[in-house]
1. What do you reckon, is residue 282 under 30 Å from residue 243 (Cβ atoms) and of a type in the set (Gly, Ala, Ser)?
2. On the basis of being open to solvent by 50 Å² or more (accessible area, probe 1.4 Å) and farther than 13 Å from residue 303 by Cα, does residue 57 make the cut?
3. Of all residues in region 307-354, count the ones that are of a type in the set (Ser, Thr, Tyr), open to solvent by 20 Å² or more (accessible area, probe 1.4 Å) and touching a strand residue (DSSP E or B) at 6+ places or on another chain (Cβ under 8 Å).
4. If a residue has to be more than 21 Å from residue 227 (Cα to Cα), in contact with a Ser or Thr (Cβ under 7 Å, 6 or more places away or on another chain) and open to solvent by 20 Å² or more (accessible area, probe 1.4 Å) to count, how many in region 69-102 make the cut?
5. Is region 421-433 home to any residue that is open to solvent by less than 20 Å² (accessible area, probe 1.4 Å), within 23 Å of the chain's Cα centre (by Cα) and within 30 Å of residue 155 (Cα to Cα)?
6. Can you tell me which residue among 116, 43, 131 is out of contact with any Phe, Trp or Tyr (no Cβ under 9 Å at 6 or more places or on another chain) and within 28 Å of residue 164 (Cα to Cα)?
7. Looking at the structure I just gave you, is residue 375 surrounded by fewer than 23 Cβ atoms within 10 Å (Cβ to Cβ) and polar (S, T, N, Q)?
8. Restricting to region 3-27, and then to whatever is in a loop (DSSP other than H, G, I, E, B), hydroxyl-bearing (Ser, Thr, Tyr) and within 24 Å of residue 193 (Cβ to Cβ), can you tell me which residue is farthest from the chain's Cα centre (by Cα)?
Amino acid sequence: MTPPQISLSDYGCRSRTPSPVNRMMSSFAADFREGVDINLGVGYVNENTIPRALIQQALSDILAHPERYKSPLNYGGPKGSPTLIESLRRFHVQHRVGGLTDAELSRRQFIIGPNGATSLLEGLAYVLKPGVVITSDPMYYIYCDFLERRGFTVVTIPERADGLHAEDVEAWLEGRGKGAGISFIYVVTVNNPSATIISNRERTALVRLASRLSRENGRVIPLILDKAYEDLVHDPSVERPRSGLLDDEDGVVFEVGTVSKILAPSLRIGYLVGTDGPFLQAMIQRTSDAGFSAPLINQEIASWLLDHALDRQLADVNRGYREKSAAVRGWLDSRLGPAISERRGGQASFYYYLTLDGVKTGEGSPFFRFLARTTGDQTVDGTSEGKLPRVIYIPGEFCVHPRGDMVRQGAFQLRFSYGYEELARLEEAVGYMAEAVDYARRLG
C-alpha cells in the first residue's frame, strides 16, 4: 500500500525535481577535494578579497558604541538598519554610483533584504502577480528557474555585445499586444553568466520602454535592474555605468544591489532602491514575513565597512580581479586559442563566457566527462584509489532558456569563473580544458 503523501503547492511539486545546476553542484560537491579539484563553476568570491581583520575590527567597534549601533545583537526592523541605509546613501552620493546625486536619492527609498540580494529577487516573485518576465539570453539561470517554479513565464531575448536591446524587446512584443500579461522586465546589468555589460544607451532605452508599457497598460510594469556585479567593473576602458533611476520619471525602475562581491558574501546584505509605494511596502512586509530583518549585526558590520574601509577595499578587489582576468585571458588565448569561437566577459565581475568551436560542453559530452573524470577510461579518469583533478564549470545548456532561441549555441558554451581559485590553479584548469578539447575531437 502506498503511504500517504503530503499535499504540496504547485511550487512545491515543481521543486521536487532539482534544477540542473542544483543536481550537478550537489553531485560534484559531495566529494569535491579542496586543493585537488578545481572550481570554475560556483561564483564564489576569492577568499583573499574578504577583509577578515576589518570585519573583526568592525565587530569590536560596533559592540563598543551602542549609542550609534543600537541593539546590534537583537532583531531589526523589516525596512533595514537605519545606520546601514544611511551608509548606503552616503556611499552612492560620495562615489557618484551610477551618477546618482543626493537630490536624486532623496526621492527614493532603500530597503534591506532579509538574506542578501537573492532574497529580494525571491520577494519579487511573491509580491508581484505572476505573468511574463522578459530577460536576456543567456539568462541568470538560478533565478529564472525559480521564477518558473513560482508560476511565472520566462521569455528570453538574445543579448547583443552591449546587452539586452529595447528594440529586440519591442520586436518580440509585436503582435502580442501592448505588454498585457507582462509582470516585469529583469536585467542583470553585468550579466551572469556572460559578464556582458549593458550599455548606458540600452539601459536608458529599456527605462523608456518600461515607462511607455506602464502608461499603455495603466499599471506599473517594473524594470528590475540587478546590479550584483556593477561594483566590479574593473576594466578602466569601460564607460561608467549610469543608473536607470536617472531616467525614471514614472517610478518604474527598481535597482537591486549587494555588498557581497566587494565585502563578504556571508554578510548576506542586499538592498533595493526605488520609488516608495505599494510595491516597496509589500517588499518590506515580505522581509518581515521572512524573519523580521537581515541579521542586524551583519547590517551594522556592513555599515561600518562602508563608512571606514570601502575606498581601499574597492580598489584592492578590482585590482585583483583585473590581474586575474588578464592572466586567464592570456592562458585561454595561448592554450585554447582556435578552439574558442567567441569569448565574452573579463571586463567586470569574474566570469568569462566561452563558445567552443564544434566542441559540445553539456553534461553528457566527452568534454564534460573528461573534466569530470567520468569517461570510464583510467588513463583519463585516474584509478579508483585516486582520480585525477576534476574541473567544474557551468555548461551553457544550463545558461540558455530551454525553449529560447539560443539552445543550439548553448550546447557549445560554458561559464568560466576565475573568482575563487588562485592563479596557479586557473592556469592548470585551462591546460586540462585544452586536453578535454583534444579528447572530444578524437572521439568525433
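1. Working: under 30 Å from residue 243 (Cβ atoms): yes; of a type in the set (Gly, Ala, Ser): yes.
Answer is yes for this residue.
2. On the way: open to solvent by 50 Å² or more (accessible area, probe 1.4 Å): yes; farther than 13 Å from residue 303 by Cα: no.
When the stated conditions are applied, residue 57 does not pass them.
3. In the first step, residues of region 307-354 are kept if they are of a type in the set (Ser, Thr, Tyr); the result is 321, 325, 334, 341, 349, 351-353.
Next cut, open to solvent by 20 Å² or more (accessible area, probe 1.4 Å) only: 334, 341.
Still in the running and touching a strand residue (DSSP E or B) at 6+ places or on another chain (Cβ under 8 Å): 341.
Qualifying residue count for the region: 1.
4. The total comes to 3.
5. Looking through region 421-433, none of the residues is open to solvent by less than 20 Å² (accessible area, probe 1.4 Å), within 23 Å of the chain's Cα centre (by Cα) and within 30 Å of residue 155 (Cα to Cα).
6. On the way: 43 fails: out of contact with any Phe, Trp or Tyr (no Cβ under 9 Å at 6 or more places or on another chain); 131 fails: out of contact with any Phe, Trp or Tyr (no Cβ under 9 Å at 6 or more places or on another chain).
Result: 116 is the single residue among 116, 43, 131 that is out of contact with any Phe, Trp or Tyr (no Cβ under 9 Å at 6 or more places or on another chain) and within 28 Å of residue 164 (Cα to Cα).
7. Values: surrounded by fewer than 23 Cβ atoms within 10 Å (Cβ to Cβ): yes; polar (S, T, N, Q): yes.
Criteria met by residue 375.
8. Just the residues of region 3-27 that are in a loop (DSSP other than H, G, I, E, B), to begin with: 3-9, 16-19.
Cutting the leftovers down to hydroxyl-bearing (Ser, Thr, Tyr) gives us 7, 9, 17, 19.
Next, only the ones that are within 24 Å of residue 193 (Cβ to Cβ) stay: 17, 19.
On the way: 17: 22, 19: 17 Å.
Among those that are in a loop (DSSP other than H, G, I, E, B), hydroxyl-bearing (Ser, Thr, Tyr) and within 24 Å of residue 193 (Cβ to Cβ), it is 17.
The values are calculated or read from the model by the stated rules, or taken from the named source; none is laboratory data. This structure is a prediction, so every number in the text was calculated from the model and none was measured. When we count neighbours, we look across all protein chains shown, and the Cβ atoms used for this are built from the backbone with ideal geometry, even at glycine. Please note that ligands, DNA and RNA were not included when accessible areas were found on the heavy atoms of the full protein model with its side chains. Shrake-Rupley method; radii C 1.70, N 1.55, O 1.52, S 1.80 Å.
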